[in-house]
1. Restricting to the range 14-26, what's the tally of residues that are open to solvent by 50 Å² or more (accessible area, probe 1.4 Å) and without any contact (Cβ under 8 Å) to a residue 60 or more places away in the chain?
2. Taking the range 1-42 as the region of interest, how many residues are at pLDDT below 95 and touching an Asp or Glu at 6+ places or on another chain (Cβ under 8 Å)?
3. On the given criteria, is residue 54 at pLDDT 95 or above, closer than 10 Å to residue 30 by Cβ and either open to solvent by 30 Å² or more (accessible area, probe 1.4 Å) or not charged (D, E, K, R) (or both)?
4. Would you be able to say whether some residue in the range 61-70 is at pLDDT below 95 and in contact with a Gly (Cβ under 6 Å, 6 or more places away or on another chain)?
5. Kindly provide the set of residues from the range 41-51 that are closer than 19 Å to residue 12 by Cα and either open to solvent by 50 Å² or more (accessible area, probe 1.4 Å) or out of contact with any strand residue (DSSP E or B) (no Cβ under 8 Å at 6 or more places or on another chain) (or both), ordered by number.
6. Quick one: would you say residue 72 is within 16 Å of residue 93 (Cβ to Cβ), more than 12 Å from the chain's Cα centre (by Cα) and of a type in the set (A, V, I, L, M, F, W, C)?
7. Can you tell me which residue within the range 78-89, out of those that are out of contact with any Leu (no Cβ under 7 Å at 6 or more places or on another chain) and open to solvent by less than 60 Å² (accessible area, probe 1.4 Å), is modelled with the highest pLDDT?
Amino acid sequence: ACAQDAQTKSTVSDATYTVRLRWSPSCGTAWSQLQVRGAVAREVSVRTGQNVLSATYSADDTRGDTSPMLAVSSPRGVEACAEVNGKVACTGLDDDADGHP
């Protein structure tokens, strides 16, 4: 249900992956969504302050692409990260961001 009004608030990508910070205003949650090109092992996480939630997927799991949802009132100060092929990529909004990704 949270995906119905989910918004992509920030994105980072390269040739092998795209990491998105997703936020649902109606659910008050944020999560990391990862799109990878090819079958690779990956870890997807979302964090704010000391609160970190993550999920690990094997290369055989082609459907796993999100972190668990983190309860937040705003996407500001939330960081979405993914580790793919030993490289970590993170995206997010600073606490003082103006709301435009």
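1. Going through the range 14-26 one residue at a time, the tally reaches 3.
2. So the count comes out to 4.
3. Working: at pLDDT 95 or above: yes; closer than 10 Å to residue 30 by Cβ: no; either open to solvent by 30 Å² or more (accessible area, probe 1.4 Å) or not charged (D, E, K, R) (or both): yes.
Criteria not met by residue 54.
4. Within the range 61-70, none of the residues are at pLDDT below 95 and in contact with a Gly (Cβ under 6 Å, 6 or more places away or on another chain).
5. Within the range 41-51, the subset closer than 19 Å to residue 12 by Cα is 41-48.
Those that are closer than 19 Å to residue 12 by Cα and either open to solvent by 50 Å² or more (accessible area, probe 1.4 Å) or out of contact with any strand residue (DSSP E or B) (no Cβ under 8 Å at 6 or more places or on another chain) (or both): 41, 43, 47.
6. On the way: within 16 Å of residue 93 (Cβ to Cβ): yes; more than 12 Å from the chain's Cα centre (by Cα): yes; of a type in the set (A, V, I, L, M, F, W, C): yes.
Yes: the conditions hold for residue 72.
7. 81
Yes/no per residue for (1) part of a strand (DSSP E or B); (2) free of Cβ contacts under 8 Å to residues at least 40 places away in the same chain; (3) within 16 Å of residue 7 (Cα to Cα):
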position: 31; (1), (2), (3): yes, no, yes
position: 43; (1), (2), (3): yes, no, no
position: 47; (1), (2), (3): yes, yes, no
position: 55; (1), (2), (3): yes, yes, no
position: 60; (1), (2), (3): no, yes, no
position: 81; (1), (2), (3): yes, no, no
position: 92; (1), (2), (3): yes, no, yes
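The values are calculated or read from the model by the stated rules, or taken from the named source; none is laboratory data. Keep in mind it's a predicted model, so treat the numbers as computed, not measured. As a convention, Cβ positions derive from the backbone with ideal geometry for all residues, glycine included, and neighbour counts pool all protein chains shown. For accessibility, only protein heavy atoms count, side chains too; no ligands or nucleic acids. Shrake-Rupley method; radii C 1.70, N 1.55, O 1.52, S 1.80 Å.
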